[in-house]
C-alpha cells in the first residue's frame, strides 16, 4: 500500500493532467476527491460536476449498491478491485471501461482508492469484429506503425503483423511460440518474461518497456502494451498487444538525466552559493560553495546556518518571496566570517508542485570595499584625508537647510597658511606635505565632531561650524573664539621628521601662522557659493592686515 504522497510523487500534476487514461481518487464513502481531464472526458462530466459526488452516479442503478460495497470492502480488506465495467455517461450512453485500483493513504492517514480507467468500448467492439473479420484486421494491422502480436491461452504467440516482421527482419515462423524472445535484449529478458507471465495468469493488461533487436542488429527501446482478449461470449481466448518504437523518447529521457547531472556539476563548481529553501526554511539543496562557507545543512535551517538567527524573520526578503511569489534581492553579511553577499531570491516550483525559493548569493565583499575606497577618494583629500571641496559643499548645503529649520547661525571659516611656500622652497614638498598633515590634525582637534574641516588644495583649508545660537552677535563671538583657538594651535612650532633614501631621520623645525576669514549665515538667506566667497573675502582681509589674524565678513562689503 502506497502513501498518497508517494502516489502523487509518481504521478505529478502535469502527468495527471496529460495522462491519456482516466485517473480518479475516491474517499471511503465513494466520493470523488480527484479527477483528471481524461476521466472527465470518459464520462462526459466536468470536474466540478464530479468532485464531491458519489462514484455510483456513473453506474447503472442496479449496480450502484454492489459497486459501493466492493469499493468499501477493497479499502477495508484489501485484495484486487478492477476489471471491466459497464458505465453510464452523462448523456446516457453506455460505455465499457477497464479499471485498476490501488489503495493509497493520504496525509490525514485515511485510506483512499486510486483508480485508473481506460475506455475500452471501441476496443471491445474491435475485438468482436476481429474474430469475424480476420482478413480486414490483418490488412489494417499490416499498414500501421504499431508492432502487433497475438497469443493464445497457452501463452504462446501465434500472430505477428507485418510491421513486426519488418522491424525484426525475421519470418513469422521464427517468431511464433516463444521465438520472439530471441530478439529481447539479454539484460531485459527476465523482467520482460516475468511481466508477461504474471499478467497472463491474472488476465490483466500490462505495459512494459524493453529493448528489441532490429533487423540491422541494433537494439531499440519499445513500449509493449498487452491486453487480454475475450470472445463474444466472454470466454478468455488469449492476449493481443501492440508495440511502439520509443527509442528516441528513451534517448531524450537519458539526455535529460545527463543534462541534470551536468547542471548539478555546474552548480557544484559555480563561484556563488546556490541553494533551494523550503517553506519551513529547511535547505533542500546546497552547492559546494554554500557548504564550504556555511557548513553542511544536515537538517539545519538556513536562518541558523547563514544568519545565526534563532527563528525565521517574517520581514526578510525570502519570506516575502514565499508570500508574493515575486523575486527579491538583498544584501546580507555572513555571521561566520563577516563577508558580504548580494542575495537574489526567486520563486521556484518543483516537479511535485511544492513551492520553494531558489537563492543565489554573490560575494561582494571586495567590491563593497572597493566602492567604499572609491567613494572616499572621490570625497576626501588624499594627503590629509580631510573632506574635499565636493563633500564640504554637500555638508554646507545640509547645514544651511538645518539652519533654516532651527534658525541657529552657522559659521564658515576660510584658512590660508602664511609660510608654507618658504618651507617647500627650503626643505622640499615632502616636508611641506608633513606640515599640511599636522596642520589638519591641529585644526580638527579644535572643533567638535559634528563640525567639518576640509582641505581645498594647496595651503587652503575650510571649517564649517554648525548650529551655534539664534543670536547673531553671540554666534559671531563663538565663531571667533573657535577661530582664535585654531590660530593659536597652528602657530605652535612644528618638528617634522624626514627620512631620505634610507638615511637617518632628520627633524625640521618650522613656525607657521594662518590667516582666517569668517562668514556667518542663517536660514537660507545666501547660497553656498556666496557664503564661501564671503569667507574668502574676509580671509584676504586678514592677509592684507598683516596675516596671522582673524577677520569677519560684513554684509556691507562687496562680494
Exactly one of 480, 547 is over 60 Å from the mean Cα position of the chain (by Cα), touching a residue at least 12 places away in the same chain (Cβ under 8 Å) and part of a loop (DSSP other than H, G, I, E, B), and that one is 547
Within region 343-377, of all residues that are touching a helix residue (DSSP H, G or I) at 6+ places or on another chain (Cβ under 7 Å) and over 16 Å from residue 272 (Cβ atoms), the one surrounded by the most Cβ atoms within 10 Å (Cβ to Cβ) is 347
Of the residues in region 485-506 that are in a strand (DSSP E or B) and out of contact with any helix residue (DSSP H, G or I) (no Cβ under 7 Å at 6 or more places or on another chain), the one that is surrounded by the most Cβ atoms within 10 Å (Cβ to Cβ) is 506
The strands (runs of 3 or more DSSP E) lying wholly within region 171-264 that contain at least 1 residues that are surrounded by fewer than 14 Cβ atoms within 10 Å (Cβ to Cβ) and assigned by TED's automatic domain parsing to the domain that holds residue 151 are 206-213, 236-245
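The values are calculated or read from the model by the stated rules, or taken from the named source; none is laboratory data. Nothing here was measured: the structure is a model prediction, and the numbers come from that model. We place every Cβ from the backbone using ideal geometry, glycine too, and count neighbours over all the protein chains shown.
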